[in-house]
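See structure below.
Just so it is clear, none of the values below were taken in a lab; they were calculated from the coordinates. Given the structure is predicted, the values throughout are model-derived calculations rather than measurements. When we count neighbours, we look across all protein chains shown, and the Cβ atoms used for this are built from the backbone with ideal geometry, even at glycine.
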Amino acid sequence: MKYVRNNFLLPEHTVVNLDQFNQTLWSLAEEDRDRMHYDRQVLQTRLYEEEREHWLMLPEKKFECVRREEVRADKYGW
């Protein structure tokens, strides 16, 4: 996130129209993704597509990924 802050949000901008500012940031981000990776010397879009193949698919059914337990605390907060 430091990259985004340093390259898109600094120095501070005066925002008069938020929608227009968001559109400007979006176009800057789209232009930025068509650059070479600093270390691998490959286009960032290509690295993104390679990474995308390894994403995990979300399950179709909803599920709760928490365990709820009813407990009683003692005087020590346990």
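Brief remarks on what is shown
- Between helix 18-32 and the chain there is an angle of about 80 degrees, using the helix long axis and the longest principal axis of the Cα atoms.
- Compactness relative to 2.2 N^0.38 Å, alpha carbon Rg of the chain: 1.92
- FRET efficiency estimate (nearest 0.05) - Cβ-Cβ, residue 69 to residue 18, R0 30 angstrom: 0.10
- Note on the chain: helix-only mean residue ellipticity at 222 nm, from DSSP H runs of 4+ residues weighted -39500 (n - 2.57) and normalised by residue number, equals -9500 deg cm²/dmol.
- Taking label points 7 Å from Cα along the Cα-to-Cβ direction, residue 76 and residue 8 give a separation of 4.9 nm.
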